[in-house]
Amino acid sequence: MAKQDDVFKKLVAHAKEYGFIFQSSEIYDGLSAVYDYGQKGVELKNNIKEYWWKSMVYMHENIVGIDSAIFMHPKTWKASGHVDAFNDPLIDNKDSKKRYRADVLIEEQREKFQVKINKEVAKAAKRFGESFDKEEFLKTNQRVLANQAKIDEITNRYVTAMENDDLNAIKQIILDYEIADPVSGSRNWTDVRQFNLMFDTRLGSVTDDAAKIYLRPETAQGIFVNYLNVQKTGRMKLPFGIAQIGKAFRNEIVARQFIFRMREFEQMEMQFFVQPGTEMKWFEYWKNKRIKWHNALGLGEEKYRFHDHDKVAHYANAATDIEFEFPFGFKELEGIHSRTDFDLKQHQEHSNKKLQYFDNEKNESYTPYVVETSIGLDRMFLTVLSNAYTEEEIIKENGSKEQRLVLKIPIFLAPIKLAIFPLIKKDGLPEKAHEIYNKLKYDFNCEYEEKDTIGRRYRRQDAIGTPFCITIDHQSLEDNMVTLRERDTMKQERVAIDDLHKIVSQRIDMKILLKELED
Ligand code: GAP
């Protein structure tokens, strides 16, 4: 774990050093859990958005996009249940004065028992070799069974406590399992309390309570309240989807792990409206679609897993998370929820406006059901960045060894696609390099660099994940050929300047990625 912590610390430092992510208002010592994206970060972020948006909106005849306001009528959040129930159970440690989410402490304890089981399995697999029967082992090994029993007990007690809104029972789990403050080791806990995560502010100059509005904690509600506008103006027929990318705000109790849990973040959400009774079919459909979207990036299928919820929210009849193996373990990256007709019905009731669908074929009106896919853009950014960070040893031509730090970002998402270097800063080489830059800049985000040796320039581009570098030398002025160097293989080849556009687009065109998503 310590090693993984080290890698994570290096990643955070790297993200700053190379202009991906800065702490917000850093000159004032920063603002907790709020971050700014730098010159490279914004490019990577935009590319992730493009991949998501095109896969949703351009690739589906029946999905359209919107961009709704962050501020919404306060009744929205009463209707959605956020005013009354968007709470996390918090607990304070009296000695360390640190604040925690009680549910997270319990989840981490459960994970500890799971780690013990995994260790037993790994040990036995090594001991028995080929003849190891994992299923049988899990069913019969006493230590595994004892740990599994604890996991089941915690899960059952936790689910019951949450269902009954019983905060004392949640605290009792923490006491019974002797869960300690991860920082100080103290077990001196306060009672568990509910904490609402919405930020509020006032609209205009009025100070009374009627003017209180919220910064949206999810983008989904902007879609629900526009359901009828889009359905009518777009003449949409069920099933159809509305997609949106935008900022969301949550006053998280504990905001740790860099951009994993932030107080201001971005979501990419899609609500898919379907006929009641067909929602489970669409839930499965979107589970498959979304995992395909992730897998197409080639980060490794073993790094993802589904985690079905033990307890679904009151508005849902099925929910799963796509988890990714971050440097700090498997954690939620995306949620897929079958939200029934809860949201539309709630808005109908609170607004007194009919939010239904007239089905021509059935000749009847009804409230559609909804399947939602919701992914945090910043969390996806962290997925890509943490997976890309690679320290490798390379052997140079003279046989000596060298450390190379390379961001193996999927090339479609790389912030800079092509770095252009004149070998030296004179003899007409910079002019030739600029000529190439000016030709290619319309289609690719290029970077021109003329400082330092070519080797150093390669290293700098490796560190930001640039898939291609080209070097213009004296020979180029005569034969119109340049050296093209590839990031991952470090292979270099001579190519014609006229072929550059074709060679690069054949590799980085997002169309290649989108085609992989087709059924
Ligand atoms: N509309 C459904 C919804 O908002 P959620 O599970 O609360 O569901 C969806 O959030 C996704 O948004 C999460 O899977 C995660 O990727 C991202 N997310 C949620 N809270 C976040 C936070 N504080 N910081 C960064 N990303 C967050």
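Before moving on, here are some points about what is shown:
- Within segment 171-193, the residues that satisfy the criterion of being touching a strand residue (DSSP E or B) at 6+ places or on another chain (Cβ under 8 Å) and either among the charged types (D, E, K, R) or within 16 Å of the ligand (Cβ to nearest atom) (or both) are K171, D181, D191, R193.
- Sole residue being of a type in the set (A, V, I, L, M, F, W, C), more than 14 Å from the ligand (Cβ to nearest atom) and buried (at least 19 other Cβ atoms within 10 Å of the Cβ), chosen from F240, F258: F240
- The residue that is farthest from F328 (Cα to Cα), among those in segment 398-418 that are modelled with pLDDT of 95 or more and not in a loop (DSSP other than H, G, I, E, B), is L418.
- Residue that is touching a strand residue (DSSP E or B) at 6+ places or on another chain (Cβ under 7 Å) and of a type in the set (A, V, I, L, M), where the choices are L355, L418: L418
- Residue match in segment 333-343 (condition: part of a helix (DSSP H, G or I), crowded, with 19+ Cβ neighbours inside 10 Å and within 14 Å of the ligand (Cβ to nearest atom)): yes
- When F421 is tested against the conditions (1) closer than 30 Å to G335 by Cβ; (2) away from the ligand (no atom under 16 Å from the Cβ); (3) aromatic (F, W, Y), the lone failure is (1).
- Failed condition for D84, given (1) charged (D, E, K, R); (2) more than 26 Å from the chain's Cα centre (by Cα); (3) under 30 Å from V384 (Cβ atoms): (3)
- Picking from residues in segment 215-232 that are over 16 Å from R263 (Cβ atoms) and among the aliphatic types (A, V, I, L, M), the one that is farthest from the ligand (Cβ to nearest atom) is L228.
- Flag for Y158 being within 17 Å of I179 (Cβ to Cβ) and part of a strand (DSSP E or B): no
- Close contacts from segment 319-338, counting a first residue that is more than 13 Å from R305 (Cα to Cα) and a second that is within 12 Å of the ligand (Cβ to nearest atom) and among the acidic types (D, E), with Cβ to Cβ under 6 Å and a gap of 6+ residues or different chains, come to H337/E372.
- Filter result (under 25 Å from I48 (Cβ atoms) and surrounded by fewer than 19 Cβ atoms within 10 Å (Cβ to Cβ)) within segment 405-436: L405
- Of all residues making up segment 350-390, the number that are in contact with a Lys or Arg (Cβ under 6 Å, 6 or more places away or on another chain), among the charged types (D, E, K, R) and more than 12 Å from the ligand (Cβ to nearest atom): 0
- Residues in segment 356-397 that are touching a residue at least 40 places away in the same chain (Cβ under 8 Å), within 30 Å of E332 (Cβ to Cβ), part of a strand (DSSP E or B) and of a type in the set (S, T, Y): Y369, T373, S374, Y389.
Residues are listed down the side, and each one gets a yes or a no for (1) within 15 Å of the ligand (Cβ to nearest atom); (2) surrounded by fewer than 21 Cβ atoms within 10 Å (Cβ to Cβ):
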site: V254; (1), (2): yes, yes
site: K287; (1), (2): yes, yes
site: W293; (1), (2): yes, no
site: G300; (1), (2): no, yes
site: F306; (1), (2): yes, yes
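- Residues (in contact (Cβ under 8 Å) with a residue 40 or more places away in the chain and surrounded by fewer than 15 Cβ atoms within 10 Å (Cβ to Cβ)) located in segment 440-456: D443
- Among the residues making up segment 366-395, those that are within 14 Å of the chain's Cα centre (by Cα) and over 30 Å from Q461 (Cβ atoms) are T373, S374.
- Residue list for segment 265-279, restricted to those being under 20 Å from F326 (Cβ atoms) and more than 7 Å from the ligand (Cβ to nearest atom): E266, M268
- The set of residues from segment 313-340 being more than 14 Å from the chain's Cα centre (by Cα), among the aliphatic types (A, V, I, L, M) and over 13 Å from V371 (Cα atoms) comprises just one member, A313.
- Which numbered condition F199 misses (of (1) within 14 Å of the ligand (Cβ to nearest atom); (2) modelled with pLDDT under 95; (3) surrounded by fewer than 17 Cβ atoms within 10 Å (Cβ to Cβ)): (2)
The values are calculated or read from the model by the stated rules, or taken from the named source; none is laboratory data. Predicted model only: the values in this text are computed from it and were never measured. Don't worry about glycine lacking a Cβ; one is built from the backbone with ideal geometry, like all the others, and counts go over all protein chains shown.
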